[in-house]
1. All but one of (1) under 18 Å from Leu292 (Cα atoms); (2) in a loop (DSSP other than H, G, I, E, B) hold for Leu211, so report the exception by its number.
2. Tyr194 passes all but one of (1) loosely packed, with under 13 Cβ neighbours inside 10 Å; (2) modelled with pLDDT of 95 or more; which number fails?
3. Here are the criteria: (1) modelled with pLDDT of 95 or more; (2) over 30 Å from Gly30 (Cβ atoms); (3) of a type outside the set (Asp, Glu). Tell me which single one Gly123 does not satisfy.
4. Could you list, in sequence order, the residues of the stretch 1-19 that are of a type in the set (Val, Ile, Thr) and either without any contact (Cβ under 8 Å) to a residue 12 or more places away in the chain or buried (at least 16 other Cβ atoms within 10 Å of the Cβ) (or both)?
5. Condition first: in a loop (DSSP other than H, G, I, E, B) and among the basic types (Lys, Arg). Can you find one or more residues in the stretch 311-325 that meet it?
6. Residues to consider are Thr221, Thr201, Thr216; find the one that is in the same structural domain as Gly245 (by TED's automatic domain parsing), in contact with a strand residue (DSSP E or B) (Cβ under 9 Å, 6 or more places away or on another chain), buried (at least 16 other Cβ atoms within 10 Å of the Cβ) and not aromatic (Phe, Trp, Tyr).
7. Name the single residue, out of those in the stretch 285-310 being over 21 Å from Asn237 (Cα atoms) and more than 24 Å from the chain's Cα centre (by Cα), that is surrounded by the fewest Cβ atoms within 10 Å (Cβ to Cβ).
8. Among Leu241, Leu192, which is hydrophobic (A, V, I, L, M, F, W, C) and either assigned to a helix (DSSP H, G or I) or under 19 Å from Leu279 (Cα atoms) (or both)?
Amino acid sequence: MLSVSDAFTLMQQHVLTLPTERVPIHDATGRVLREAIKADRDFPPFDRVAMDGIGIQFADYSAGQRIFRVVGMQRAGEPQKKLTESTTCLEVMTGAMLPIGIDTVVRYEDVTITDGQATITIGDVEKGLNIHAQATDRKAGEELLPVGTWMGPSEMAVAASVGQTELVVTALPRVALISTGDELVAVNETPLPYQIRRSNTYMVQTVLLSLGIHATMHHITDDEAILKTEIEHLLANNDVLILSGGVSAGKADFVPAVLTSLGVQQRFHKIEQKPGKPLWFGTMGNKTVFGLPGNPVSTVLCGCRYVLPYLRASLGLAPAPVQYAQLATRIAFRPNLTYFLPVKLTSETDGRTMAHSLPGSGSADFANLTAADGFMELPASQSEFEAGEVFRVWVMPGTVR
């Protein structure tokens, strides 16, 4: 068995090499950029009015002028106007080009306008007030979004602002989710007393959707010949297979032997952890196979702790920010294994994030996870974990409580 750290490192050494593709901007949300985006002109492209108000020449204000005759208006989206007369002003709107001859903007809240005369009512006007100068944010040709950027709301706005109608992004991997087991029936079926409905693949599918990956779902019975035929077909048509079940030491756990017979190279089988000890990982060329334990808590833990970071790296994304929390109550765990404790997270008024243990009744108790936000990773080097100690937390995607 490998340690958690060694298993994770080994997986990261075998990340997928995925091609790029060019997609329309409206299909680029949530994708990973593979070609940097640069400014096509200065940001902002002109001296920009930053507040609704009046535009003046500061020299007039400095000379004691406080009342200015309004001689026109500069709206956003209009060609640049010009202030030609001293001691006059233009009304100016947010986002407009700064008119020629104006170097200071006083917001409406600080003036009164009566009968075409604007009176400044504050005494702390400075030259350049409320002007967003050209190229203050970025200069033309400067890199705005580097390779590896995840295209979220702000990133999409930047891409649109420079006229990027298409973006070069990492192609999404083709992923198949496979449940195994004769005891499983479809969601729309009524299980017999000795059966249960399939749920693990739906759980893992939700984890993958956090990266925009839409996986196909399949079920294969515990028949070695059928497993071999079906998995061979899925290997030929996918980049990643994620199996749930069939990787432990039971008499019907055929998955490792079947994968080996199909030419998938086992990189490791079993990790020094609880839950999720029987995790299997293998590769075949530029294809990857994860054999997740069938118990639901083990399945989702391994999906969050190993599969998700693996796919992030394959897409070209940087690792997710590391999150830590303080243990709210004392925990004892005797086996010399890394223990992934289901926890609910709370944010305290002093800024601390507290992790409240939700151990449940074992790795089959996935109903317990509806109250959990993720898993706290408790190291194998300890057996006693005191309240207030800080450990890493792996948050489940989409856990909005």
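1. Going through (1) under 18 Å from Leu292 (Cα atoms); (2) in a loop (DSSP other than H, G, I, E, B) one by one, Leu211 breaks only (1).
2. Tyr194 satisfies every listed condition except (2).
3. For Gly123, the exception is condition (1).
4. Correct list: Val4, Thr9, Val15.
5. No, the stretch 311-325 contains no residue that is in a loop (DSSP other than H, G, I, E, B) and among the basic types (Lys, Arg).
6. Criteria check complete, one pass: Thr201.
7. Asn295
8. Leu241
The values are calculated or read from the model by the stated rules, or taken from the named source; none is laboratory data. Because the structure is a prediction, the values reported are computed rather than measured. Every residue, glycine as well, gets a Cβ built from its backbone with ideal geometry; the counts of neighbours run over all protein chains shown.
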